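Colleague: Below are the structure tokens for one structure; questions will follow.
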Amino acid sequence: MQTVRVRIAADEQEAKRIYGVIERAFEDEGNPVTVYEFTPDGRVWAVEVLLFGLEPDEAIAEVQERVGPDAFTAPVEAELLEDLNWVQKSLEGLAPVRAGRFVVHGSHDRDKVPAGAIGIEIEAALAFGTGHHGTTEGCLREIDRLVGRWHFDRILDLGTGTGVLAIAAAKLARQVVVATDIDPVATRTAQENAVLNQVPHLIRTFTAAGVEDRRFAEFGPFDLVIANILARPLMQMARSISSRMTGDATLILSGLRVEDGPRILFAYGTQGFRLVRRWDKNGWLTLTLVRGGVHAA
């Protein structure tokens, strides 16, 4: 599938404003969006978003349609990128990440997992979750803290991506973890990574558009749910996610910007959850909530 890079150039203040507009417009699809200094003197900044399966002119039209014609007046250009596995290329230069007892690494860094650590090997794939993002790291730290201190009967990794969080929970708890995603590529990748990490018998994967799928009832109700998604779908699914959980349950939420915190806490507060822990890194937020008599502080 071909990749098109759409670029908008502007001064720093306007570029950062445009970045926010573009990120919100594409947050549900997870298209990579970035903003950076485009010229050495810092006078010109660039906002870029990657779109897939489109021609350059179609990609420009898609961006302009999503954000609205009056969102910005800066010039927009697009170019077709070389047909490479960009995930593979990016992972080649990534060092192992330590999050609690977990060390997430690629196959090229297998020998860098220290003694006593729990290694999780993640191969490059077109799915989110390598441990290098603040949201993934925050979830891994909470899995290490929670699963290391309490027993959970049924665990769900909602929006599993590469399966890194499900694998972490399964390795630590030594029990079955359900891993689901809206994207069949993600669920297939998660199962492949489960095999790679020698826990295929502990990971149950399936593709589902939402938690209304009947299979959630078959595996649940869950007393630990990890959902590293995005703020908007987490808001929309607050009631349905809560309905799949026990009365005494723990919820790890991420994929959030720090400014998303209040509205997420309100949405899940209406479902009986209360905040017991928050962790943020580089503007990204991970929240741990509990309901009932659970004490997960």
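Colleague: Looking at ARG232 and the list (1) farther than 16 Å from GLY163 by Cα; (2) at pLDDT 90 or above, which single condition is not satisfied?
Modeller: For ARG232, the failing item is (2).
Colleague: Something else: Out of the range 214-263, which residues are of a type in the set (A, V, I, L, M), within 17 Å of THR180 (Cβ to Cβ) and open to solvent by 20 Å² or more (accessible area, probe 1.4 Å)?
Modeller: Hits for the range 214-263 are ALA217, ILE229, LEU230, MET237.
Colleague: Based on what the data block shows, is VAL176 free of Cβ contacts under 8 Å to residues at least 40 places away in the same chain, of a type in the set (A, V, I, L, M) and closer than 22 Å to GLY106 by Cα? Reasoning before the result, please.
Modeller: Values: free of Cβ contacts under 8 Å to residues at least 40 places away in the same chain: yes; of a type in the set (A, V, I, L, M): yes; closer than 22 Å to GLY106 by Cα: no.
Against the criterion (free of Cβ contacts under 8 Å to residues at least 40 places away in the same chain, of a type in the set (A, V, I, L, M) and closer than 22 Å to GLY106 by Cα), VAL176 does not qualify.
Colleague: Would you mind stating whether ARG277 is within 24 Å of GLY100 (Cα to Cα), modelled with pLDDT of 90 or more and open to solvent by 50 Å² or more (accessible area, probe 1.4 Å)?
Modeller: Working: within 24 Å of GLY100 (Cα to Cα): yes; modelled with pLDDT of 90 or more: yes; open to solvent by 50 Å² or more (accessible area, probe 1.4 Å): yes.
Yes.
Colleague: Now for a different question. Return yes or no: is VAL290 over 29 Å from TYR19 (Cα atoms) and surrounded by fewer than 18 Cβ atoms within 10 Å (Cβ to Cβ)?
Modeller: Details: over 29 Å from TYR19 (Cα atoms): yes; surrounded by fewer than 18 Cβ atoms within 10 Å (Cβ to Cβ): no.
No, not satisfied.
Colleague: Within the set of pairs 6 or more residues apart or between chains, which connect a residue that is of a type outside the set (A, V, I, L, M) inside the range 238-250 to a residue that is assigned to a helix (DSSP H, G or I) with Cβ atoms less than 6 Å apart?
Modeller: ARG244/PHE216
The values are calculated or read from the model by the stated rules, or taken from the named source; none is laboratory data. Please read all numbers here as calculations on a predicted model, not as lab measurements. A quick note on method: Cβ atoms are made from the backbone with ideal geometry, for glycine too, and the neighbour counts reach across all protein chains shown. These area figures cover heavy atoms from the full protein model, side chains too; ligands, DNA and RNA do not enter into them. Shrake-Rupley method; radii C 1.70, N 1.55, O 1.52, S 1.80 Å.
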